[in-house]
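Remarks on the structure that follows.
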Amino acid sequence: MNPERFSPQESLKVIQEMIEKAKNQVSENGHLYLLWGWTVFFCSVGQFILWHFFNWEKNALIWYLCFITGIYQFFYIRKERRKVVVLTYADRILSFVWISFVIVLLLIILLFSLHGETSAWKLITPVLVALYGVPTFVSGIVLQFRPLIFGAITCWALSVGAAITKVPYQLLFPAAAMLVAWIIPGTILRKKYLKAQKHTADHVS
């Protein structure tokens, strides 16, 4: 079918179908929102406890847990991709959005590391919290899923709060951002997916 022959109504219908397919597929990825949400939440709170209560100089080592999570995610996505017959346009957009997010995230951490000044590190938490909101907001818009949009706006508000908060209390802001932006939406997505799976199984049986 030639796309140039689409009427406006047909084009809107195709876009709506793409979004609905993306919703059904990404609902399973609520698992990844929960995975990373809880990982960052645990690392943020864990580093705060190690720093504030135990005064451990190497408290940042707790973030190496993210490498373990990343390895798990690689094999998880590889396994799930085999189940998907066709990737929608929305799927591809979201994939590139999250890939861009990871690249920028790593670049920011690298640049702050090269800078080497203590004053610069006071800004990294507000910057990262603000960055968390970008892919979350785009995902919410593409999927028309309000909890993600609200979570993204919350991230941006929390980044401002973190900027005017003293270290190490800044570390509590990523935990709060993860709770609202990824953990709660991920839980909702996961429940919707499991409900849809149960509904499908009931019809098959």
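Sort through K58, K79, K83 and tell me the only one that's among the charged types (D, E, K, R) and closer than 28 Å to V167 by Cβ.
Values: K79 fails: closer than 28 Å to V167 by Cβ; K83 fails: closer than 28 Å to V167 by Cβ.
Selected residue: K58, the only one of K58, K79, K83 that is among the charged types (D, E, K, R) and closer than 28 Å to V167 by Cβ.
One residue stands out in segment 73-111 among those that are surrounded by 13 or more Cβ atoms within 10 Å (Cβ to Cβ) and over 15 Å from the mean Cα position of the chain (by Cα): the one that is farthest from G140 (Cα to Cα), namely I109.
Can you tell me which residue in segment 146-185 is nearest to P135 (Cα to Cα), limited to those that are part of a loop (DSSP other than H, G, I, E, B) and of a type in the set (A, V, I, L, M, F, W, C)? My answer is I164. Exactly one residue out of G37, G46 is touching a residue at least 24 places away in the same chain (Cβ under 8 Å) and surrounded by 15 or more Cβ atoms within 10 Å (Cβ to Cβ), and it is G37. For first residues located in segment 55-72 and part of a loop (DSSP other than H, G, I, E, B), partners that are not acidic (D, E) and lie 6+ apart or on another chain with Cβ distances below 6 Å form the pairs W56/L50.
Since every read-out is calculated from the coordinates, none of them should be taken as a lab result. All values derive from a computational prediction rather than experimental measurement. Counting neighbours? That spans all protein chains shown, and the Cβs are built from the backbone with ideal geometry, glycine included.
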